[in-house]
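Some notes on the structure that comes next.
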Amino acid sequence: MDTIKLTIDNREVEVPRGTTILKAAEQMGIKIPTLCHFELDGLALENRPGGCRICVVEVVGRRNLAPACITECMPDMVVKTNSFRALNARRTVLELMLSDHPNDCLQCPKSGKCELQSLAADMGIREIPFKGQQSQYPIELSPSIVRDSNKCIMCRRCESVCHEYQSVGAIGAVDRGFPAVVNTAFDEPLVNTNCVFCGQCVAVCPTGALSEVDNTAKVLRDIANPDVKTCVQVAPAVRVALGEEFGLPAGSIVTGKIAAALKAIGFDYVFDTDWSADLTIMEEGTEVIGRLKAFLSGDKSVKIPVMTSCCPAWVNFYEKFYPELREYPSTAKSPQQMFGAVAKTYFADKIGVTRDKLVCVSVMPCVAKKYETEREEFKVDGTPDVDYSLTTRELARLIKICNIDFANLPEAEFDSPLGASTGAAVIFGVTGGVMEAALRTAVEVLTGKTLPRIDFEEVRGLEGIREAVVPVPGVADLNVAVVYGLKNARTIMEQIKAGTCKYHFVEVMACPGGCIDGAGQPYHHGDASIVKARHKAIYEADRNMPIRKSHENPEIIAIYKEFLGQPCGEKSHHLLHTHYFDKKIKFDIEK
Amino acid sequence: MCGPQIKINEASYRTIKDICASFDNKPGELINILHKTQEHFGYLPEEVQQVVADCLGIPVGRVYGVVSFYSFFTMKPKGKYAISVCLGTACYVKGAEKILDALKSELKISEGGVTEDGKFSLDVLRCVGACGLAPVMTINGKTYGRLVPEHVKEILAEYAD
């Protein structure tokens, strides 16, 4: 490898050519502060505008200070990361930023997780010498995301994820000079734009400018209400991430502690979205099998590839960008909504309450799930199937509010009958997981034989687009693809439009690595090792399960027998399937 | 439950499509396309930007980002006679602000405004490249130099039609 030698803070270092000063310093244990710079190694997410100038360092012989995040190391370069000049410049940059930043840290949703706040603390800011104009933007509420542009520092990380990573482009820099800010086109509310509510802007925002809608107060109020019963479901990816909020190492599996904590908070029934993930496989898997069989027997009217439909940001994406292809995704509702639909019918009947007296809460690694709960088609007589969706971070807040010592909490089990699950369900939380879970069931049903191996290693991994050929003896070789990031999903949609798509079955998740890095998860501040630890933990949780195929879940078998009838039958079609809308911008052309 | 509807008349729609097509619908030509489009319509209202975005296959936020960034582009219709006062360094030190004040009180509008009858609009800009004539203003491209506030009334009278 072509390497070069340079000196940073009086120590010599050898790095590959092309390495930035920031990276070179990092490998020496020197942490140069950054703000706009953001990189999720190996997950194709980055923002490198070199704009905020917090990372400036002195390069001997260079006239001006160099931004470490975008300046490449040169042979024999002498860098001083903590020279008086660099420190002064850095402080001034931060003070100027803070001079137009609200100082309401105590009430800020990002308090304690804010990179600007940490930087101010690390740099020992005690006063802000600059007094000037203050931005005055109204706070915007959407079903999922709260935007407080007064706290925007124009790092433009959100713009990078929205445009480059998701290919959505709902928010971006507008205006110039002091009024420059990240905003929607024409200052429209997010709901009127092409925003898909993936929330990755929230996940990468260093300050409180972007945060999630907080439902914790509503949940506490309902738990205290003696006139209603409350039930809660927890998504797969939450159990490998929540521990981080309580000082446990990334990748700790805290399933039992979550069940215990939810009971301690006071929910009447503590259930598991993994249960409805297994149900999703029964419905979606049956649909895949049906469509595949028809397609393979020459029926040209059937839409292939079948695409997954559990990710609510992905659903928003095809409704807004590719409504003409909306018959490709499965009609199966997401596990969150399947759970809600069953809870408010089957389970409400079982405990003898009407649907308006049962409050259904979900805990999701996701911000788009909040939007999903508010969809009109998921309401019956005005009451939603899922009343509130909380993020993993909100659950952490609830646990803290309720004085629960999470790290030392003895484990508990989920309640029955919507609590049992399999390994196939837990992997829904990771890219490739829904595909693998579906294959575990579909291949067995198609061949009528028990799978010799259930680990479909070929669909696992963290590359943004992965493809595999899965032989189904006696049926066909299935071409499958797994993608995450909506830009990658767009690639597949364009292939379908062009008639060049060779896949039979495609899984799509919007967030990096799937739900494990969903926008509702604890903030990782660009540390990819955290996401990778969650990834590993999901597969460990799968291996730990005694049953690892959805169709073998006893509670799933029972509910079909007792209530639903057949997968994709009349009752499940009504309760567990949905339809999609054309939400693309249209031109109303007047003569 | 359908997506947003953008109302636009057919002639305008065609014109924008033709302008974009004349630049091969290339996103890299956005600024040139906006120049041509503004030349045609006099301004760039929301629906026009939506059509441009649609033709180029880019988010409308990208178009709006550019339109809001450059002071040359405007989302408000200009007056029949568009007045621009230079506030560049040379004009500024030569008293351009007094010229601007005279125009404001004469027309009873502020910067960025249009008179009620739609006749005059008033904007400021930075340097028209005629620093030797400072302070300078332009009306529909015609340059007036070495101004003093007393000139304002008589110049406006030229546009009395």
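Since every read-out is calculated from the coordinates, none of them should be taken as a lab result. As the structure is a computational prediction, the values presented were derived from the model and not from experiment. Heads up, the Cβs are rebuilt from the backbone with ideal geometry, glycines too, and the neighbour counts pull from every protein chain shown.
In this structure, the pairs whose alpha-carbon distance is over 27 Å, taken from A:LYS591/B:LYS78; A:LYS344/A:LYS584; B:LYS76/B:LYS142; A:LYS502/A:LYS561; B:LYS76/B:LYS104; A:LYS110/A:LYS218, are A:LYS344/A:LYS584; A:LYS502/A:LYS561. Taken about its Cα centre, the range A:535-591 carries a charge dipole of about 200 debye when Lys and Arg each add +1 at the Cβ and Asp and Glu each add -1 at the Cβ. For B:ASN9, the residues whose amide H sits under 5 Å from its own are A:GLU590, ignoring neighbours fewer than 5 places away on the same chain, with H placed 1.01 Å from N. The string of couplings for the range A:475-488 from the Karplus curve (6.51, -1.76, 1.60, θ = phi - 60°) is 10, 5, 8, 8, 8, 10, 9, 10, 10, 10, x, 6, 5, 5 Hz, one whole number per residue in order, with x for Gly and Pro. About the centre of its Cα atoms, the range B:10-69 shows a dipole size close to 120 debye [charges on the beta carbon of Lys, Arg (+1) and Asp, Glu (-1) only; nearest 20 debye]. How far, in degrees from 0 to 90, does helix B:46-56 lean away from the longest principal axis of the Cα atoms of chain B, to the nearest 10? Tilt of helix B:46-56: around 50 degrees.
For chain A, the relative contact order works out to 16 percent when only alpha carbon pairs closer than 8 Å and six or more residues apart are counted.
In whole Å, how far is the Cα centre of the range A:262-326 from that of the range B:100-137? What the calculation gives is 60 Å, centre to centre.
In terms of its C-alpha gyration tensor, the range A:514-591 comes out oblate, because a/c is 1.5 or above while a/b does not outweigh b/c.
Taking amide H positions as modeled 1.01 Å from N, with prolines and chain starts lacking one, the residues under 5 Å from A:HIS577 and 5 or more places away or on another chain are A:LYS333.
With the simple model of a label 7 Å out from the Cα in the direction of the Cβ, A:GLN134 to B:LYS104 spans 2.5 nm.
Going from the residue with the fewest nearby Cβ atoms within 10 Å to the one with the most, A:ASP385, A:ASP268 rank A:ASP268, A:ASP385.
Label the range A:166-311 by shape, choosing from rounded, prolate and oblate, from the square roots a ≥ b ≥ c of the eigenvalues of the Cα gyration tensor; if a/c is under 1.5 it is rounded, and otherwise prolate applies when a/b is larger than b/c, oblate when it is not. It is oblate, given that a/c is not under 1.5 and a/b is not larger than b/c.
Neighbours of B:LYS98 by Cβ distance under 11 Å: Lys/Arg scored +1, Asp/Glu scored -1, total -1.
Taking other residues whose beta carbon is less than 12 angstrom from the beta carbon of A:VAL315, and scoring Lys, Arg as +1 and Asp, Glu as -1, yields +3. In terms of other Cβ atoms within 10 Å, A:TYR165, B:TYR13 run from fewest to most in the order B:TYR13, A:TYR165.
Shown here for the range A:261-362: chymotrypsin sites (Phe, Trp or Tyr not before Pro) in loop regions (DSSP other than H, G, I, E, B) with at most 12 other Cβ atoms within 10 Å, of which there are none. DSSP beta bridges confined to the protein assembly as shown are antiparallel in about 55 percent of cases.
Across the range A:137-149, computed HN-Hα scalar couplings (Karplus, 6.51 cos²θ - 1.76 cosθ + 1.60, θ = phi - 60°) run 9, x, 7, 10, 9, 10, x, 10, 10, 10, 10, 10, 5 Hz from first to last residue, x flagging Gly and Pro. Using C-alpha pairs under 8 Å with a sequence gap of at least 6, the mean separation divided by the residue count of the range A:355-471 gives a relative contact order of 16 percent. Principal-axis analysis of the Cα atoms of chain A puts helix A:392-401 at an angle of about 80° to the longest axis. Amide H to amide H distances under 5 Å link A:SER362 with A:GLN233, A:TYR388, A:SER389, A:LEU390, where only residues 5 or more positions off or on other chains count and H is placed in the peptide plane. Each Lys and Arg adds +1 at its Cβ and each Asp and Glu adds -1 at its Cβ; summed about the Cα centre, the range A:216-576 shows a dipole of about 380 debye. Between 0 and 90 degrees, the angle of helix A:255-265 with respect to the longest Cα principal axis of chain A falls at about 90 degrees.
Each part reduced to its alpha carbon centroid, the range A:219-252 and the range A:509-577 end up 16 Å apart.
Couplings 3J(HN,Hα) of the range A:380-391, computed from phi: 10, 6, x, 9, x, 5, 10, 6, 9, 10, 9, 7 Hz, in residue order, whole Hz [Karplus 6.51 cos²θ - 1.76 cosθ + 1.60, θ = phi - 60°; x for Gly and Pro].
Dipole of the range B:10-69 computed with +1 at Lys/Arg Cβ and -1 at Asp/Glu Cβ about the Cα centre; of B:GLY65, B:ILE16, B:VAL51, farthest Cα towards the positive end is B:GLY65. The ranking of A:SER142, B:SER22 from fewest to most other beta carbons within 10 Å of each one's beta carbon is B:SER22, A:SER142.
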